[in-house]
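The values are calculated or read from the model by the stated rules, or taken from the named source; none is laboratory data. Note that this is a predicted model, so its numbers are computed, not measured. Here the Cβ positions follow ideal geometry from the backbone for every residue, glycine too, while neighbour counts run over all protein chains shown.
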Amino acid sequence: MDEKKRILLGHGGGGLLTRNLIDEEILKRFGDGPLRGLPDGALLPSIDGDIVFSTDSFVVSPGFFPGGNIGDLAVHGTVNDIAVSGATPLWLSLALIIEEGLPLASLQTVLDSVRTAADNCGVQVVTGDTKVVRKGQCDGLYVNTAGIGKKIAGFNLGSSQVQTGDRVLVSGNLGDHGMAVMAAREGLGNGALKSDSAPVHRLVHALSPFAADVRFMRDPTRGGMAATLNEIVDGADVGILLREDSLPFSAGAKGLAEMLGFDLLHVASEGRMMCICSAEAAEQVIEKWRSLPEGTDACEIGRITEDSGRVILETGIGGKRIVDVPQGELLPRIC
Amino acid sequence: MKYIDGYRQGDAGKFLGKRIVENAALLADKHEPIYIMEVCGSHTMAISRFGIRDLLPPNVKLLSGPGCPVCVTDAGYIDAALSLARKDVIIATFGDMVRVPGSKKSLADVRSEGADVRICYSPAQAITLAQENPEREVVFMAIGFETTMAPVTTLIPSAEACGLTNLSLLTAFKLVPPALNALIADAEVKVDAFICPAHVSAIIGAEAYRPYVEERGVPCVVCGFEPLDILYGIDNIVSQFLNGECALVNQYSRVVTDAGNATAQKLFETFLTPVDAGWRGIGVIPMSGMGIREQYEKYDAAKRFGVSTDGGSPDPGCMCGDVLKGKIIPSDCPMFGDACTPQNPVGPCMVSSEGSCAAYFKYER
Ligand code: SF4
């Protein structure tokens, strides 16, 4: 198709234009599996074990940002939700809501990214949907993905498993995604700060030998690490003490957050995970994570305390303060 | 970032913290606990954010002062803005003001009812707004201390230069020195020393505090906003008490000079004139504000539209006034954290990003 072509309302009308769009853009990329022949529903083989099912919608603005776009983000988002539930992601659905007038080339780039990301995550796009809405009724392109995964045996996860003395580990720098999208949206910085958008399923797999020592896993997306940690201690007998000195932040994210007055603990990552594990296993987990390309900056950032219900930060100068839940929506439309 | 990191160095901070504790222990035998007021809201936020209060011994107390411009803005001022907003005027304002409750409502409330309230990140945006809406009146909410007063005042010459006839300022400018005078004179307020504002001092100059030191015997240290700046300031004050000294110290000399910013001072002199000003919860302090000079009164929204910014009746249960005078700490207010939270603020101290109640809620609950 032509470079200058744009998506028309008719591409969602169910007629010939729709057929062309599906054939040339969707099936060309995803038609090699259960999507072949375009059945109404994907027929999937049976799974031996428990199933994890998750869905997420993506409205990130701008749709293209340093380090990724709405396509790979939509794959990583659902894959990561499944992975941190202690499962191996297998299949995805992909639903697109397109604003009329979207350049076809943009759609093609996004779909290419979906395919590449899916391959990298070992998942297949097996079903989907495309709708086109009038100009102004959505902003370019919205994407929904839902996914199915197979539970990995051995994990017994949940905030109730967390015990005093356990360690809080993260797989890399926090907040790069939120700050990179913010920078792209506001035209700040030079594009040097990249989103961390990436899958974490390999990091989860790396934990399976330590499954008995792992209490909790999460990918700190909206609300950042602060929201994730507060959720764990909310109403619980335990609290969390973080050490500011050990928090991994990139220089770019730090500079931008300082300028805009953000606390990076409130800012989303889209390719990081945190886990809480026993003190005994912590060092081995970090070592294992660091041996993977997506975990080179893995580190321990704090520990579980008896300070019931509170997340406390020990600052660089040795003082202590609360880490609160972000109030309201700090950064709208970052995923 | 390297520049900032230098003023956040952990080891240096711990060293200063330890020295404060040691000196305060020596001081404990010969002096009552000392009360240090950080005048400025940005210092309050930094103290909470970096956990500085947590490092201090029981006989060194920090009190928040009245230096949060949003917090000291009278309910009557908000009421005046609301009445203009209802008259189809475009209200241009810094974001922090939108949720501050007046006697009954906030700008956010009237905006949801259809009023035209625009958030500006810089005063210059008000010029653009006025140019883009020649048929409508644009009123800029001109609040702030000396620091903000400078860029906001430039709106007058800018409007003159652009020939704008539809832009005016609803002023509630405040001055720091008269507020400090009032606090020192208030027998109920216990202040032994001041951590003086950083940016305000860059405008008025460190020497502005000389009278408090020499005539009132109150040590003053001008500090930057980074944790080491503040710790240095506290350390300096504690050792002044230990050595029986009383001095004016400019720790923030990388930004603040003795005489301040002559250009800004000239700007004030040209366009503004001192006026009595009402401080939320504190009352009227004589000559503690700045209004627009008569010859530029066409830019004075209060005169132009005949509205009064005085008085108003804020929620009687809100203790912002006592918080701003350092008489209580935010958590002493019965509404703190229950009836009053950042999501449902009762008083401005819970709204503003520099407000003491917001700082305590966020970092020190
Ligand atoms: S907690 Fe709320 S009601 Fe109480 S003083 Fe602070 S702002 Fe006013």
Original post:
Of the residues in segment B:87-132, how many are hydrophobic (A, V, I, L, M, F, W, C) and under 18 Å from the mean Cα position of the chain (by Cα)?
Top reply: 4
**OP:** Those residues that are assigned to a loop (DSSP other than H, G, I, E, B) and within 14 Å of another protein chain (Cβ to nearest Cβ), I need them from segment B:47-64; list them, please.
**Re:** B:F50, B:G51, B:L56, B:P57
Subject >> Single unsatisfied condition, B:I230 versus (1) away from chain A (no Cβ under 14 Å); (2) in contact with a Cys (Cβ under 6 Å, 6 or more places away or on another chain); (3) buried (at least 21 other Cβ atoms within 10 Å of the Cβ); (4) not small (G, A, S) >> reply: (1)
**OP:** Could you list all residues from segment B:323-344 that are surrounded by 23 or more Cβ atoms within 10 Å (Cβ to Cβ), over 23 Å from A:V311 (Cα atoms) and near the ligand (Cβ under 8 Å from one of its atoms)?
**Re:** B:V323, B:C333
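Listed here are the residues, each with its yes/no results for (1) surrounded by 19 or more Cβ atoms within 10 Å (Cβ to Cβ); (2) within 20 Å of the chain's Cα centre (by Cα); (3) assigned to a loop (DSSP other than H, G, I, E, B).
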| position | (1), (2), (3) |
| --- | --- |
| A:G302 | yes, no, no |
| A:S308 | no, no, yes |
| A:L313 | yes, no, no |
| A:Q327 | no, no, yes |
| A:C335 | yes, yes, yes |
Original post:
So, of the residues in segment A:45-97 that are part of a loop (DSSP other than H, G, I, E, B) and of a type in the set (A, V, I, L, M, F, W, C), which turns out to be farthest from the chain's Cα centre (by Cα)?
Top reply: A:I47
Subject >> Those residues of segment A:256-274 which are of a type in the set (D, E) and either farther than 17 Å from A:D245 by Cα or within 13 Å of the chain's Cα centre (by Cα) (or both), in sequence order >> reply: A:E270
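With the requirement that a residue be acidic (D, E) and either farther than 27 Å from A:K135 by Cβ or free of Cβ contacts under 8 Å to residues at least 12 places away in the same chain (or both), what does segment A:1-48 give you?
Result: A:D23, A:D32, A:D40, A:D48.
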**OP:** Give the residue that is farthest from B:L55 (Cα to Cα), with candidates limited to residues of segment B:348-358 that are crowded, with 19+ Cβ neighbours inside 10 Å and in contact with a Gly (Cβ under 8 Å, 6 or more places away or on another chain).
**Re:** B:P348
Subject >> Condition check for B:G347: away from the ligand (no atom under 13 Å from the Cβ) and either over 22 Å from B:A46 (Cβ atoms) or touching a residue at least 24 places away in the same chain (Cβ under 8 Å) (or both) >> reply: no
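Only one of A:V132, A:V214 is within 21 Å of the chain's Cα centre (by Cα) and either surrounded by 20 or more Cβ atoms within 10 Å (Cβ to Cβ) or of a type in the set (D, E, K, R) (or both); which? Write out each step before concluding.
Working: A:V132 fails: within 21 Å of the chain's Cα centre (by Cα).
Just a single option satisfies the conditions, and that option is A:V214.
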**OP:** Mind counting the residues in segment B:312-322 that are part of a loop (DSSP other than H, G, I, E, B), touching a helix residue (DSSP H, G or I) at 6+ places or on another chain (Cβ under 6 Å) and either modelled with pLDDT of 85 or more or near the ligand (Cβ under 10 Å from one of its atoms) (or both)?
**Re:** 1
**OP:** Name the strands (runs of 3 or more DSSP E) wholly inside segment A:119-200 in which the number of residues that are in contact with a helix residue (DSSP H, G or I) (Cβ under 8 Å, 6 or more places away or on another chain) and closer than 19 Å to A:G223 by Cα is 3 or more.
**Re:** A:167-170
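Quick one: which residue in B:S353, B:S288, B:S331 is part of a loop (DSSP other than H, G, I, E, B) and either over 21 Å from B:A81 (Cβ atoms) or of a type outside the set (D, E, K, R) (or both)?
B:S353
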Subject >> Count - residues of segment B:143-186 that are of a type in the set (V, I, T), over 27 Å from B:G321 (Cβ atoms) and surrounded by fewer than 24 Cβ atoms within 10 Å (Cβ to Cβ) >> reply: 3
**OP:** Just give me the residues in segment B:240-268 being closer than 20 Å to B:P211 by Cβ and among the charged types (D, E, K, R), in sequence order.
**Re:** B:E245, B:D258
Subject >> Residue, nearest to the other protein chains (Cβ to nearest Cβ), within segment B:65-100, restricted to residues that are touching a Pro at 6+ places or on another chain (Cβ under 8 Å) and not in a loop (DSSP other than H, G, I, E, B) >> reply: B:R99
Original post:
Only one of B:S308, B:S288, B:S352 is within 16 Å of the ligand (Cβ to nearest atom) and either at pLDDT 95 or above or among the hydroxyl-bearing types (S, T, Y) (or both); which?
Top reply: B:S352
Original post:
When both residues are 6+ apart or on different chains and their Cβ atoms are under 6 Å apart, which pairs have a first residue that lies in segment B:305-334 and is within 26 Å of B:F140 (Cβ to Cβ), and a second that is among the hydroxyl-bearing types (S, T, Y) and more than 10 Å from the ligand (Cβ to nearest atom)?
Top reply: B:V307/B:S83; B:T309/B:Y77; B:G312/B:S103; B:S313/B:S103
Subject >> Residues of segment B:23-43 that turn out to be over 13 Å from B:I234 (Cα atoms), more than 11 Å from chain A (Cβ to nearest Cβ) and in a helix (DSSP H, G or I), as a count >> reply: 5
Original post:
Residues in segment A:297-322 that are charged (D, E, K, R) and within 14 Å of chain B (Cβ to nearest Cβ): how many?
Top reply: 5
